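Report on the following structure.
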Ligand SMILES: *Cc1c(COP(=O)(O)O)cnc(C)c1O
């Protein structure tokens, strides 16, 4: 049973708060958790219960909650200043962080434009690509290529280049022109080869009308952890580039180690013209985003002030100093903890557990790239689930009293462990998931 305090919070939440992507009518009947504290891989609620953070607080947390080094970096900056504007002024940590990002990013990305969330980082990349093309005299380039089921955020430009049908149904009349390329669910195999051939045909049809191609490299997270191989993506990128399109890698989810390398583009073996980061940039601590661009893109905006060629975009909290401070401390921890080495070991441990899970009734398919994982559910006899039964949601709810917070995408269970999780914590998380699937599906 919940404490009086938790019950009181629930009543007051339901009286005034509107939650993202939430059917409030369902929320009003639910039994919400109130997370009050975090310790390492655990979230702690207002009743003092501990939960493994199985999706890294929506794909953001990197080194654990309450990491002393990260907390301290924010405190130290707070003694100086919490925020000053980046419009017409600069600050030291934004310079340090820009240098650091350029050093770790794929080759050629030499310029850093800050904002404060994933949607703005992609919105900025799309506007930058478009304005750069316009200012290069390529005024016929008005179409963006996207991958089927792409997700790039929720502002209208980001929704335009997304192709999740559910969102397009409502906002369709407000969106600009894009062309959607077939993308596989699973890497390798016939499906992927077919998608590639069809995507190449569609791209070619667009000729020099393409302004840019925006894609989530290797893992399309919000699509339901759809995955493709470099052998699918790379030829498409090369073709789009040869047609004059600017390549925009949306690494908001895949960036900062989740796929096993610092950026997924390292595995694709090609440098994009623009690269979007957010979620893990600040270690998952504070809203901070950065869109990286090549010098060639940057140069399309250089002119005398009277020509009005500057990039017409900026957010009030651009390059917030507290965010920059914790981002720098997070990148330091990557080196000191050998985070990428730990991710490799953890990926192997996860693969071992997932092999066992894949033989369990109720599990149809599993996809894994690094520590990004999708587990597709089915009925115990292997038949399709009725989506209206909300099985994925029920599995995640069942996991809570067992000690894990998970969030599904439809009937796909997402696992995205914090990069610093221990072997024992991964074992616990996998046991809980297995028990919850057994309890709900059987
Ligand atoms: C989460 C996400 C976004 C949007 O980021 P927000 O911070 O939620 O606006 C964009 N692209 C990808 C690939 C994402 O996973």
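None of the figures in this text is laboratory data; all of them are computed from the coordinates on show. All values derive from a computational prediction rather than experimental measurement. Glycine also receives a Cβ, built like all others from the backbone with ideal geometry; neighbour counts cover every protein chain displayed.
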message: Springs between alpha-carbon pairs under 10 angstrom, Gaussian network model over the chain: which of 362, 269, 280 fluctuates most?
response: 269
query: When the chain is modelled as a GNM with alpha-carbon springs shorter than 10 Å, which of 368, 349, 23 fluctuates the most?
result: 23
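Over all distinct alpha-carbon pairs, what is the Kirkwood Rh of the stretch 93-144 in angstrom? Can you show the working numbers first?
Numbers: mean 1/r = 0.0787 Å⁻¹.
Kirkwood hydrodynamic radius for the stretch 93-144: 12.7 Å.
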statement: Final fewest-first order of 95, 371 on the 10 Å Cβ neighbour count is 95, 371
task: With label points built 7 Å along Cα→Cβ from the Cα atoms of residue 190 and residue 103, find their separation and express it in nm.
output: 5.0 nm
task: State whether the stretch 102-224 is rounded, prolate or oblate according to the following rule on the C-alpha gyration tensor (a ≥ b ≥ c being the square roots of its eigenvalues): a/c under 1.5 gives rounded; otherwise a/b larger than b/c gives prolate, and the remaining case gives oblate.
output: rounded
message: With a cut-off of 8 Å between alpha carbons and a minimum separation of six or more residues, what is the relative contact order of the chain in percent?
response: 20 percent
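Arranged by the count of other C-beta atoms within 10 angstrom, fewest first, what order do 308, 285, 42 take?
Numbers: 308 8, 285 26, 42 21.
Starting with the residue having the fewest Cβ neighbours, the order is 308, 42, 285.
Starting from the Cα coordinates of the stretch 260-340, work out the convex hull volume and express it per residue in Å³.
Numbers: hull volume 9.6 nm³, N = 81.
Each residue corresponds to 119 Å³ of Cα convex hull volume.
Between residue 202 and residue 359, what is 0.36 nm times their sequence separation minus the Cα-Cα distance? Round to one decimal in nm. Before the final figure, lay out the partial values.
Numbers: separation 157, 0.36 × 157 = 56.52 nm, distance 3.82 nm.
Length gained, residue 202 through residue 359: 52.7 nm.
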field: Gaussian network model of the chain, Cα within-10 Å springs - most flexible of 250, 31, 45
entry: 31
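The chain: D in µm²/s via Stokes-Einstein (Kirkwood Rh, Cα pairs, 4 °C, 1.567 mPa s)? Each step should come with its number before you reach the end.
Working: Rh = 22.8 Å.
Diffusion coefficient, whole number: 57 µm²/s.
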- request: Report, in degrees rounded to the nearest 10, the 0 to 90 angle that the Cα long axis of helix 189-206 makes with the longest principal axis of the chain.
  value: 30 degrees
task: Determine the percent antiparallel among the DSSP beta bridges restricted to the stretch 178-289, to the nearest 5.
output: 20 percent
Global form of the stretch 154-239, assessed from the alpha-carbon gyration tensor, a/c cut-off 1.5: oblate
- prompt: Can you give the % of DSSP beta bridges in the chain that are antiparallel, to the nearest 5?
  reply: 65 percent
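Give me the extension gain from residue 299 to residue 50: residue separation times 0.36 nm, minus the current Cα-Cα distance, reported in nm with one decimal. Don't skip to the answer; put the middle values down first.
On the way: separation 249, 0.36 × 249 = 89.64 nm, distance 5.10 nm.
Fully extending the segment from residue 299 to residue 50 adds 84.5 nm.
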statement: Longest principal axis of the chain (C-alpha) makes with the long axis of helix 4-16 (C-alpha) an angle, in degrees to the nearest 10, of 40 degrees
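What is the calculated FRET efficiency for residue 36 to residue 384, with r their C-beta to C-beta distance and R₀ = 41 Å, to the nearest 0.05?
Here the calculated transfer efficiency is 0.55.
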message: As I understand it, the value is the acute angle between the Cα axis of helix 230-242 and the longest principal axis of the Cα atoms of the chain; what does it come to in degrees, rounded to 10?
response: 20 degrees
- request: Run the quick spin-label model on residue 89 and residue 17: label points 7 Å from Cα toward the beta carbon, then report their separation in nm to one decimal.
  value: 3.3 nm
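Does the stretch 27-130 come out rounded, prolate or oblate by the C-alpha gyration tensor, with a ≥ b ≥ c the root eigenvalues, rounded set by a/c under 1.5 and, if not, prolate when a/b is larger than b/c and oblate if not? Provide the component values of the computation, followed by the final result.
Numbers: a/c = 2.12, a/b = 1.64, b/c = 1.30.
The shape class here is prolate.
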